[in-house]
Structures are given as structure tokens and as C-alpha cells.
1. Residue by residue through segment B:505-518, what is 3J(HN,Hα) from phi via Karplus (6.51 cos²θ - 1.76 cosθ + 1.60, θ = phi - 60°)? Round to whole Hz and write x for glycine and proline.
2. Give the shape of segment B:401-572 as rounded, prolate or oblate, defined through the alpha-carbon gyration tensor: a ≥ b ≥ c are the square roots of its eigenvalues, a/c under 1.5 means rounded, and otherwise the shape is prolate if a/b is larger than b/c and oblate if not.
3. Quick one, what does Rg over Rh come out to for segment B:225-376 if you take C-alpha atoms and the Kirkwood Rh?
4. Hey, what angle do you get for helix B:256-270 against the long axis of chain B, alpha-carbon based, 0 to 90 degrees rounded to 10?
5. Are there chymotrypsin sites (Phe, Trp or Tyr not before Pro) in segment B:251-328 that DSSP puts in a loop and that have at most 12 other Cβ atoms within 10 Å, and which ones?
6. Normalising by the residue count of chain B, find the relative contact order in percent from Cα pairs under 8 Å and 6+ residues apart.
7. For segment B:239-328, go through all pairs of different Cα atoms, get the mean of 1/r, take its inverse, and jot down that Kirkwood value in Å.
8. Go through B:Lys224/B:Lys362; B:Lys47/B:Lys362; B:Lys38/B:Lys435; B:Lys47/B:Lys531; B:Lys47/B:Lys223 and tell me which ones have a Cα-Cα distance over 19 Å in this structure.
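Values in this text are rule-based calculations from the coordinates and carry no lab data. Everything numeric in this text was worked out from a predicted model, so none of it was measured. Cβ placement follows ideal geometry from the backbone for every residue including glycine, while neighbour counts extend to all protein chains displayed.
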Amino acid sequence: MLEKDTPDPSLTERLLECFRVVFPGVPDEELIRASVTSMGKWDSVAHVTLVSLIEEQLGIQFPLGSYAELTSFPALRDEAMKSLSR
Amino acid sequence: MMTLKEALLIAARPVEGRPYRICLCCGFEPLHLNTFLKAHLQLRLDKIYGEPGRGADISTGLFGDLRGNLQRAMENADTLPLAAVIDWTDLDPRLGLREGYPVGRDLESVILSEASTRLAGLEPLLTGAAGYRQLVIALPSSPLPPWLLGLPEQSSILALELAALVSSFAARCARAGALVAAAPPGVAYDVRAHLSTGFPFAISYADLLAEAIAALLLPNIPKKGLVVDLDDTLWKGVLGDEGPANVQWSLEENARVHGLFQQFIGGLQNQGVLVGIASKNDPQPVADALARPDLLLSSEALFPIDTGWGPKSEAICRIASIWNIDPGAIVFVDDTPLELAEVQLALPHVESHLFPSTDPVKALELMRTLRTRFARENVSDEDRMRSETIRRASEFQRSIGSSDPEGLISGLEGEVSLMFTGRSYDARAFELLNKTNQFNLNGRRWEESEFRRFLAAPSNVVCVCSYTDRFGPLGKIAVALGSLDNGILQLRSWVLSCRAFSRRIEYSMIKGLFSYTNAVAIEFFWQSTPKNRPMRDFLRGLLTQLPEAGSLRLNRGDFEQHCPVLYAACRVG
């Protein structure tokens, strides 16, 4: 049983898979630290695509209004974890 | 159903060569619709058109400006295919959920007026574009705002008025040549996505809408011929046992499903689908049964009727040969699993279906399936007369074989009509260019947008040939596309339907092309293909050398020297 706030390795891998689809060719080490500011390809269209893809693949819905704050891999992982535990 | 992940992976696959380009015009950010459309177009290019590495390149426009996006797409000199996806908010932003505004008493009439004005602004753009480019229109599918008056079970007057406005607008666009996408099933609207991203559709709906648009832009290649069995398929009963007067297809005789199938086949015949019979019976009882006045289809349009006791696969091959089509373009329907199995084994490319004579639900399902196999966007006069022209061509070929060919040709009373008008789109000419294999100068296939562009250039020469003789009209049977350069007609594409062979129509065309263009020579853009031997034989008769490919020049004098006697009258228009 994972403790609260501990990143689930399978969740990280599933998120990485989504990142790989939206940002093909970017190494995993870069993706896992990626944010809107660090990655030029992460524009508004890529952002909505990524968030929608994560929602589809994980079967979750991020809270309305949270999209604008989910601007990094860690932020998306944390929010996904919260959504999965709800 | 495709997932977003699948669509993204397909859309991102490596591509090569010239992309398939289209404009996607809408007032919202196309986001996932763009992704799904790209994926579906690429899938269709791969699976249906055999172009696995070809990518789709979609141009989109600005958020909130459908009309401006359409105008900019139209101003583009290119005649790219265009998909216009209209949302209620394009007709009035107050019909969406993202805008805040006070709901006054007269809001409904104000919205109706605004929507009417905006549709009137879109209409000339779309009807104008439909004449010279492929155009697909998707109509509003989101729900209207919840403040509309009336009981929840009641359609509001505004909703009815808006639906009527949009319907008549769509009908006028369709009459002008646009393809209006049928609304996909399922829930279209995703309020969460719309409020947070501006994209109004549920992902599943975006997939279905994109699939529908892609299917209209790159349609399935329809099957050409249907071969059907008779006993317990076209009618109930076994002809050999019960006799022609006693086979049944009426409701009273509990055989309505066969009558329905006859009506369905009649509908296919009207669309120019070839329908032939493969039946294990003797010819006379079959002829007697098909002559019954209560038959619900035109028995004259059933051709050929292959009766005998051999394998059905052999009958299908004989029918394919008379139709001069690949057996892969044929669908076979029979009530006997053994016959279907034999055909599937011998001719795996022939699509075979069991006729479920005792199950009306499955029978209706079969007819729906067959409809999709033969569906086509337009039905031309040539499509409608196809079966008859094949019958005539068959009679003509038999005559050629059994008598003096020169005497036969001289007595044909043939008339060749060459139309050089050429600026407007001709669906039959486009079809001929893309399906004719044998008398084909180089095997080149044309995309619709490319063909329309060619037609639009004033310096290009477009010749469409029709033919008639004492065996009856063949309709439009040949097309030549070229351009004049310093007195030389450069012929880039030239095709002649195989049904019009052996009448010297090809010589009449060359003569007419010289005469109309005043060219001193014709340069043929020749390319040998595995199937264009008739063209090769024709050119070999006119030219001293015939390489596998290249630009071949035929001087007017040389043509006149080698041209045989032409008996057909030739009209140039």
C-alpha cells in the first residue's frame, strides 16, 4: 500500500507513456522533469492534448479550472494521484 | 472507436511524399477534431487508397472567426478540399455556454435574426466553393442553452426555428454540390471541455465526426457488381421443383423478405450497380420466372444470367469477364453455405454473403451492409446506363467475332461527340480518369482537387468524348487532358473506356484534337503499365518506336498517313 503523496511507480510510467505520445523523441529523464517553461514544444495545444490524453488513459477527470496549474510533470502526477484516490 | 492515444500515434507516424492537404474551418479551436481527422484521413489513404506512407496536412484558422476562416481558405488559389464544421455559437455566440449575457425578453427573436444574417453570410461562400472544390459541411450538434422557454419535454420555438434555418441552408449548400455530413450518433457536447478549453465536443464524438468527414473526403471505393443466386435468394422456393409460376416473394406467401431483396436490387440497378445471376438451374425455367410481371425489379437489367451446373466461382469469373471488372469488385449473395465456401476458397477477393431467407432481421442487416458496399456520392447518366451498355458491348463484340469487322464498323452509324468546354467539373470525366486501366496513356490517377485545378487553368485543353451508334448510346467514354505549347499539344492523360473499344473512337479523338487545337504535333506523356496494353498497341500502330516510358511525338502528317478510315461522324463542341 502506497503512502499518501508517494509517487506510484506505475502511475509515473503511465504518465510517461502519455508524455511520450505528445512529445515523441524526448528522453524520459527530460520528460519526468518537464514543465511548460522548460519545454518549447509544450504550447497551449500540446497542453490540452496532454491533459485530455491523461484523463482518457487514466480514466480520471481533473477538476475544472485546474488545467492552467497542471504545467509540469510533477504537478500532473500529483493531481492525477489525487484524482485516482477520490 | 478510436481513442485519443491511438489517433495521436497514427497522426504522428512518419510520412513520406506529397501530403493530402485539406482546410478545416471552424470557429472553435479544432484540437482533438484536428487530431482525429488527421488520423482517419491517414488510415483511409493507407487502407482504401493503398498509400501507407502518405500524411495528411490540415490547415486550420483563427478562433471565433468561422466566416473569416472560410474567406481566407477561399482566397487561397489552391482548390484544396475543405471541411466546414459549424457550431451554434458561429451563428450567435449567445447560443453557446461560454458567453455571459443578460437574458432579456426579446432575446430569442434577436438571436434568430442574428443567426439568419450569419447563415446568409456563410451561404454564398459555401455554395460558391462547392462548385470547384470538395466541400464537406458539418451542422451544429451541441445542445441549445438551458434558458429556452417551454416544458422540458417540449421543443422550443427557437430550437425549431433554428433547426429549420440550418436545414434549408444545408439543403441549398447540398444542391450546390457540398456534402453535408450526417450527424454521428452519441453525445456531441462536453460542457467541461468547452468551458475549460473552448473545444465543444466529447472525445468520442470528435472521433465519429472526424471519421464521417474523412469518409466523405476520401470515400470507400464502391464495389461494381452484385452476383446473386435465385432459389431461396431472389425468390422463395426451388425453381426446378416448384416451377416458374410457383416460386414466391410476396407477404401473403410468407416470402416478403425475397420481395424486399428484389426491391433492394432494383434500387442498386438504378444507381448503375451491375447485377448478374449465378444459378444452378436450366435456362428456360429461369427465363420464364424472370419474365413474370409481378417481379419487383427489372429483369432486363439483370445481365448476364449465368445458368448451369458448374461451380459458382466459375460462373462469377465468366460474369466478371463479361463485365470486364476484377472479381474483387464483385459481391456474391447466395443462401447456401456450401456455395459461399466454394466461392471463398476459389475467389478469396470476392466478398460473399449468406442470404438469410428465414430471418428478416438479418436480411435487412445484409441489405444495409450491401448498401455501404455500393454507396456512391453521385449517380451519373453513364452509371444508370452501365448495364445496358455492357449488354450492347457484348452484342457488338460477338458481332465483331462472327462477321467482317470492316463491314460491321462501316455500318455502325457511329457518332463521336468531342466536348472541349472543360472548365466546369465533370464527375464522369474524373471517374474515367481514375478507373480506366487498359486504354490509359500512363496510368496516372488524379486527385479531385488536382483535377479541379487543372480544369481551372485557361491554357489547358480538356476533351470529353461521348459516343453513340446503332447499338445505342455509350455516354461519356473517353477523356483527354493536355496543354498547348508552341503549337504542340502535350497530352498528359488520355483514357478510353474498354466498352468503347474496336470502333476507332481513339482515332476520331486524335483527329478531333488536331483539328480543335490546330496543333502541328501531339506529344504523348507515355508510360507503360502492367494493364495498358491496348494503349500500347494503338501507339505502336502510329509511332515508329515505343519505349517503356517517355514523351512521344506524333506529327499531324504522320497521323493522317496511318489513320484508318473513320466511318463515325464527329461533332466538336
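1. For segment B:505-518, the Karplus-derived couplings read 5, 4, 5, 4, 5, 4, 4, x, 5, 4, 5, 5, 8, 6 Hz, x marking Gly and Pro.
2. Details: a/c = 1.41, a/b = 1.22, b/c = 1.15.
Judged from the Cα gyration tensor, segment B:401-572 comes out rounded (a/c under 1.5).
3. Across segment B:225-376, the Cα-based Rg/Rh ratio is 0.92.
4. 80 degrees
5. Numbers: sites: B:Phe261, B:Phe264, B:Trp309, B:Trp323; in loops: B:Trp309.
For chymotrypsin sites (Phe, Trp or Tyr not before Pro) across segment B:251-328 that sit outside H, G, I, E and B with at most 12 neighbouring Cβ atoms in 10 Å, the list reads B:Trp309.
6. Values: 990 pairs, mean separation 56.6, N = 573.
Relative contact order comes out at 10 percent.
7. Numbers: mean 1/r = 0.0713 Å⁻¹.
Roughly 14.0 Å, rounded to one decimal.
8. As for pairs spanning more than 19 Å Cα to Cα, those are B:Lys224/B:Lys362; B:Lys47/B:Lys362; B:Lys38/B:Lys435; B:Lys47/B:Lys531.
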